[in-house]
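Structure first, then comments.
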Amino acid sequence: YQNLAHVEIDGADSQVCYGSGYNRGGSNSWNLVSQSECLLELTANQKVAVVAKRASSTTTVSPTLTAAQSWFQMQKIDNPNVIMLRNSTNGASWSSGERPIYWDVEDREDSAFTHAASSDAIQVQNTGFYKITYAVGVDQASNTRMSTYGKIQVDSGGGFVDTPYGWSHANQRGNNNAREAAVSASTILELNSGDEVRVVAGVADVGKIG
């Protein structure tokens with residue numbers, strides 16, 4: 001079965017912080033972990049919760065939370081200089097290869113970053129070390145097994161190239177409605193002023209960016 005976890009704010013979906021895990025079930029393959037990382041801009045007295053669900057129609061599957069392997073950490077960030085983007089609409093389906101992720105919602109854009117509306121690239125304005133986190137939701141469109149991956153690319157003036165950091169991967173069973181997944185990662189990159197960064201997702205079968 002497929003497991004999805006995400007963050008809610010005051011009981012509503014935050015639309016960020018999605019993570020997933022795949023559990024085959026056979027041959028004692030019973031355990032999985034869903035995790036993700038993101039920034040949230042909160043106001044006083046707001047409540048944050050983690051919600052998990054089973055993405056499968058198999059009625060015989062009854063996942064149990066493992067307390068000894070579950071955790072939650074939170075840090076208050078003072079004087080942040082961040083960019084917070086997300087995608088509010090589903091993307092087009094494709095059968096192979098990879099595509100950059102376009103961000104149509106800018107929740108926050110501080111002075112260290114530049115992002116054109118609904119574009120894929122984020123430009124940094126200052127040289128330094130940057131912590132980057134991302135998550136991409138994928139909806140499998142058939143009963144065929146597939147895998148999805150995410151990665152970070154950087155353009156320093158000669159075109160976008162893959163970085164060795166920030167790769168992610170998810171398996172999707174496909175049948176019994178076990179089609180939803182999220183690829184997510186967090187890393188630190190050393191960037192120069194003017195560098196552009198983007199997230200790219202790739203699939204091995206028909207999928208759809210969510």
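Taking the alpha-carbon distance from residue 131 and a cut-off under 13 Å, which aspartates and glutamates remain once sequence neighbours fewer than 8 residues away in the same chain are dropped? Filter leaves 37, 190. Between amide H atoms placed 1.01 Å from N, distances below 5 Å from residue 195 occur with 124, all of them 5 or more places distant or on a separate chain.
Bear in mind these aren't lab numbers, they're just calculated from the coordinates by the rules spelled out. Treat the numbers as computed from the prediction; the structure is a model and nothing was measured.
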